[in-house]
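Q: The structure that follows is given in the form of structure tokens.
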Amino acid sequence: FCDVNGGNSRRALFLYRGASGEIVKVAAIGDPSPIGGTFGAVGPGSLNNNGQVVFLAAAVGTTNSDLFMWENGVVTKVAAVGDPAPQGGTFSLLGTESAGFQDGTDIPVGPVPDINDSEQIVFRAIVIGGITQRGIVVRTGQNDQWYVKVPDPTPIGGTYFDMQAASINNAGQIAFFADYRPTPETFNSGWFAGAPGNWRKVVVFFDPIDGGQCLGLAFSRNPMQTIDAAGNVVFWANLDSNGTSDRLVLG
């Protein structure tokens, strides 16, 4: 992802192909959008081993972005605001994070979708009029499935009330950061992993880690791939309140 001097667009997402040393454009500001109009802003994306890229882009005049896929020079829609959500309702928000700059431009920065080598695509969605307000959707072929949603029960009790971007491995398992209510009156956050019917806690705030206690955690943020083919999850944690006891931990 890069700003450009002297090109026909000021900002774009690119793919470097190691075998040939070639850099190709994925999408640029001003490119035609497959849902109509042109891209007013383009953001980062995630890449699988087949060279397919899923990324964020926004139309002119909005900071809320939709989800697209690039493959061999062709951009297609993954999901857009107004599309039907699984089991009813419509997507009302998909890319909700945007960074603004002094020159008046914006970059959609998250939550970025992810794609595995079987072309399963995972993304966080906020919904209106459906069976939930928000959750994580996995698309397999043409089928969208809620993997986890508000207010599903967590594997350690209580219920979810928010999720961040999820990574997906080639077994169809995901890893994600979530906020949850251990009881109706209390709140906590942590990392969870698995697939429907087989969820597990990776770590939550105040768990013991490396002789200390988990007091800081990073969000799940694509394109940082956090879950491997066996379901192991790598996460960042901090063991004190001063930010001086960083750890990278394998769950």
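The values are calculated or read from the model by the stated rules, or taken from the named source; none is laboratory data. What you see is a predicted model, and the numbers here were worked out from it, not measured in a lab. Heads up, the Cβs are rebuilt from the backbone with ideal geometry, glycines too, and the neighbour counts pull from every protein chain shown. These accessible areas exclude ligands, DNA and RNA; they are computed on the full protein's heavy atoms, side chains included. Shrake-Rupley method; radii C 1.70, N 1.55, O 1.52, S 1.80 Å.
Q: Just give me the residues in the stretch 4-53 being closer than 20 Å to Thr96 by Cα, among the aliphatic types (A, V, I, L, M) and part of a strand (DSSP E or B), in sequence order.
A: Once the filter is applied, which keeps residues that are closer than 20 Å to Thr96 by Cα, among the aliphatic types (A, V, I, L, M) and part of a strand (DSSP E or B), the stretch 4-53 yields Ala12, Leu13, Ala27, Ala28, Ala41, Val42, Val53.
Q: Which residue, of Arg221, Arg200, is open to solvent by 20 Å² or more (accessible area, probe 1.4 Å), part of a strand (DSSP E or B) and either touching a Pro at 6+ places or on another chain (Cβ under 9 Å) or hydroxyl-bearing (Ser, Thr, Tyr) (or both)?
A: Unique residue meeting the criteria: Arg200.
Q: Read through the list (1) surrounded by fewer than 17 Cβ atoms within 10 Å (Cβ to Cβ); (2) assigned to a loop (DSSP other than H, G, I, E, B), then give the number of the only condition that Gln145 fails.
A: The single condition Gln145 does not satisfy is (2).
Q: Still on this model: Being under 24 Å from Thr226 (Cβ atoms) and β-branched (Val, Ile, Thr): is that true of Val4 here?
A: When the stated conditions are applied, Val4 does not pass them.
Q: On to the next question. Would a scan of the stretch 206-216 turn up a residue that is crowded, with 16+ Cβ neighbours inside 10 Å, in contact with an Asp or Glu (Cβ under 9 Å, 6 or more places away or on another chain) and closer than 17 Å to Val112 by Cα?
A: Within the stretch 206-216, none of the residues are crowded, with 16+ Cβ neighbours inside 10 Å, in contact with an Asp or Glu (Cβ under 9 Å, 6 or more places away or on another chain) and closer than 17 Å to Val112 by Cα.
Q: Would you please name the residue that is farthest from the chain's Cα centre (by Cα), looking only at residues in the stretch 106-154 that are farther than 30 Å from Gly51 by Cβ and aliphatic (A, V, I, L, M)?
A: For the stretch 106-154, the residue satisfying everything is Ile131.
Q: Could you check the stretch 6-22 and list, in sequence order, the residues that are open to solvent by 60 Å² or more (accessible area, probe 1.4 Å) and either under 21 Å from the mean Cα position of the chain (by Cα) or closer than 22 Å to Val109 by Cβ (or both)?
A: Across the stretch 6-22, the qualifying residues are Arg10, Phe14, Tyr16.
Q: A further question on this structure: Having 3 or more residues that are closer than 16 Å to Val234 by Cα is the bar; report the strands (runs of 3 or more DSSP E) wholly within the stretch 148-196 that clear it. Even if it seems obvious, please write down each step before you answer.
A: On the way: elements: 159-163, 174-181, 188-195.
Filter on the stretch 148-196 gives 174-181, 188-195.
Q: Residues in the stretch 96-107: is at least one buried (at least 23 other Cβ atoms within 10 Å of the Cβ) and touching a residue at least 40 places away in the same chain (Cβ under 8 Å)?
A: For the stretch 96-107, residues buried (at least 23 other Cβ atoms within 10 Å of the Cβ) and touching a residue at least 40 places away in the same chain (Cβ under 8 Å): absent.
Q: Further question on the same structure: Considering only the stretch 172-186, how many residues are at positive phi and in contact with a Leu (Cβ under 8 Å, 6 or more places away or on another chain)? Let's see the steps before the verdict.
A: Kept after step one, since they are at positive phi, are these residues of the stretch 172-186: 172.
Now restrict to residues that are in contact with a Leu (Cβ under 8 Å, 6 or more places away or on another chain): none.
Total meeting the criteria: 0.
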